[in-house]
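Let me begin by handing over the structure; questions about it come next.
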Amino acid sequence: MELIHSGKIRDVYADGDDIILVASDKVSVYDVVLPTPVPDKGKILTRLSLWWFDQLADLVPNHVVSADNVPAEWAGRAIRCRRLKMLPVECIARGYLAGLGLASYKESGTISGVELPPSLSEGSQLPAPVFTPSTKADVGHDEFMTVKDVAELVGADRARYLEDITLQVYKRGSEVARERGIIIADTKLEFGEDADGTIVLADEILTPDSSRFWSVDAWRPGGPQDYLDKQFVRNWSSELDWDRTYPGPEIPDDLVDATRARYVEAYERITGTRWEA
């Protein structure tokens, strides 16, 4: 196998006609990988993504070939996938106001050119989920795009489809998660094209790394929410005397344990199954 890409959290290997996507236990905040891993994180992300791919298979095809036919040393944290031509757009759906979406709203009353009501506050539910795509920056931070920007990049038909299927996936995932006590405030999806030109869902999906998870019972608009995702680590790091450049700070043991517990809780509540490493 040949290593063809090493990301902040995942490595991608070529293996014949397939690729092997391997998730690590690393944690990234502000685009910096912190030096302390969170045990089982890669396996939780992988197993939860596989669960969601199954749940959403009737909506959109996905890149999964096998979760078992992978090298033994990566068992549980790797997926054998189809090779795709990845589309250069981060497809983001938002149902609640938080993070960079909140910052954009405070500045202009819009996110990705979508106008929102003037009375919203942090944590507010939007009138309806919105598609707020962004660039895929090789260096620096991603930037918001409008649907028109996406159309200029990938074509009008693809842009319309990406908006529609992103919102369908988000709505289905949100309904399932809310029944189990979790609000998916927003999520990021990635898509690629196969050899026939079919758009395929790829990477990870509806995980605590690619989404903002909140507790339904604790949700209170007007301020920060009770997180079940890596925002927990980001909030801790934002209070440090750290310039958000490499190398990042070591995560204390108690925070590692608390972060792992949040990932496990999210997995167990969504899938309805007990986590066993």
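Just so you know, all these numbers are worked out from the coordinates, no wet-lab data involved. Only a predicted model underlies this, so the values are computations on that prediction, with no experimental measurement involved. Positions of Cβ are generated from backbone atoms using ideal geometry, with glycine treated the same way; all protein chains shown enter the neighbour counts.
Stretched out fully, how many nm does the piece from ALA57 to LEU3 gain, at 0.36 nm a residue minus the Cα gap? Could you put the intermediate results ahead of the total?
On the way: separation 54, 0.36 × 54 = 19.44 nm, distance 2.84 nm.
Difference between extended and current length: 16.6 nm.
Using only C-alpha atoms and all pairs of different ones, pull out the Kirkwood radius for region 156-236 in Å with one decimal.
Numbers: mean 1/r = 0.0709 Å⁻¹.
Its Kirkwood hydrodynamic radius stands at 14.1 Å.
Taking the chain as a Gaussian network, Cα atoms linked when under 10 Å apart, which of LEU201, LEU126, LEU162 shows the biggest mean-square fluctuation?
LEU126
What Rg and what Dmax come out for region 1-136 when only alpha-carbon atoms are used, in angstroms?
Both quantities, over Cα of region 1-136: 18.0, 54 Å.
Evaluate the relative contact order of the chain (contact order divided by residue number), counting alpha-carbon pairs under 8 angstrom at least 6 apart; express in whole percent. Let's see the in-between values first.
Numbers: 514 pairs, mean separation 57.7, N = 277.
That works out to 21 percent.
Could you tell me which of SER121, TYR267, GLY42 has its Cα farthest along the dipole of the chain towards the positive end, charges placed at Cβ (Lys, Arg +1; Asp, Glu -1), taken about the Cα centre?
Positive-most Cα among the choices belongs to SER121.
If R0 is 30 Å, what FRET efficiency do you get for LEU240 and ALA103 from their C-beta distance, rounded to 0.05? Walk me through the intermediate numbers first.
Numbers: r = 21 Å, r/R0 = 0.68.
After rounding, the FRET efficiency stands at 0.90.
Assigning unit charges at the beta carbon (Lys, Arg +1; Asp, Glu -1) and nothing else, what dipole magnitude in debye, to the nearest 20, does region 146-277 show about its Cα centre?
Working: 17 positive and 28 negative charges, 105 e Å.
It works out to roughly 500 debye.
So, one more: Relative to the Cα centre, what is the charge dipole magnitude of the chain, using +1 at the beta carbon of each Lys and Arg, -1 at the beta carbon of each Asp and Glu, and rounding to the nearest 20 debye? Can you show the working numbers first?
Numbers: 31 positive and 47 negative charges, 102 e Å.
With Lys and Arg at +1 and Asp and Glu at -1, about 500 debye.
Under 21 Å Cα-Cα from LYS26, which lysines qualify once same-chain neighbours fewer than 8 residues away are excluded?
Within reach: LYS8, LYS41, LYS43, LYS136, LYS188, LYS230.
Long-range amide H contacts for ILE183: which residues qualify at under 5 Å (H placed 1.01 Å from N, peptide plane, sequence gap of 5 or more or a different chain)?
Answer set, sorted by chain and number: TRP214, SER215, VAL216.
Roughly speaking, what % of Cα-Cα pairs in the chain are separated by over 24 Å, rounded to a whole number?
Details: 19246 of 38226 pairs.
Taking all Cα-Cα pairs of the chain, the fraction more than 24 Å apart is 50 percent.
Shifting gears a bit: For region 146-253, which GluC sites (Glu not before Pro) are both in a DSSP coil and crowded by at most 15 other Cβ atoms within 10 Å? Please list the in-between numbers first.
On the way: sites: GLU152, GLU163, GLU175, GLU179, GLU190, GLU193, GLU204, GLU239, GLU250; in loops: GLU204, GLU239, GLU250.
In loop regions of region 146-253 (DSSP not H, G, I, E or B), the sparsely surrounded GluC sites (Glu not before Pro) are GLU239, GLU250.
Also, I was wondering about something else. Identify, among VAL176, ALA159, LEU206, the residue whose Cα sits farthest towards the positive end of the charge dipole of region 91-229, taking +1 on the Cβ of Lys and Arg and -1 on the Cβ of Asp and Glu, with the dipole about the Cα centre.
VAL176
Would you work out the charge dipole size for region 52-155 about its Cα centre, treating the Cβ of every Lys and Arg as +1 and the Cβ of every Asp and Glu as -1, and quote it to the nearest 20 debye? Spell out each step's value before the answer.
Values: 9 positive and 13 negative charges, 54 e Å.
Computed charge dipole of region 52-155: roughly 260 debye.
Given labels modelled 7 Å from the Cα in the Cβ direction, how far is it in nm from ASP68 to ARG160?
4.2 nm
In whole Hz and in residue order, list the ³J(HN,Hα) couplings for region 29-41 that follow from phi through the Karplus curve 6.51 cos²θ - 1.76 cosθ + 1.60, θ = phi - 60°; x for Gly and Pro.
So the J values, rounded to whole Hz, are 9, 6, 6, 10, 7, 6, x, 9, x, 10, x, 6, 4.
Expected output is a single nm value to one decimal: the length gained when fully extending between ALA258 and LYS148, i.e. 0.36 nm times separation in residues minus the C-alpha distance. What is it? If you can, show how the numbers build up before the last one.
Details: separation 110, 0.36 × 110 = 39.60 nm, distance 4.16 nm.
Value of the extension gain: 35.4 nm.
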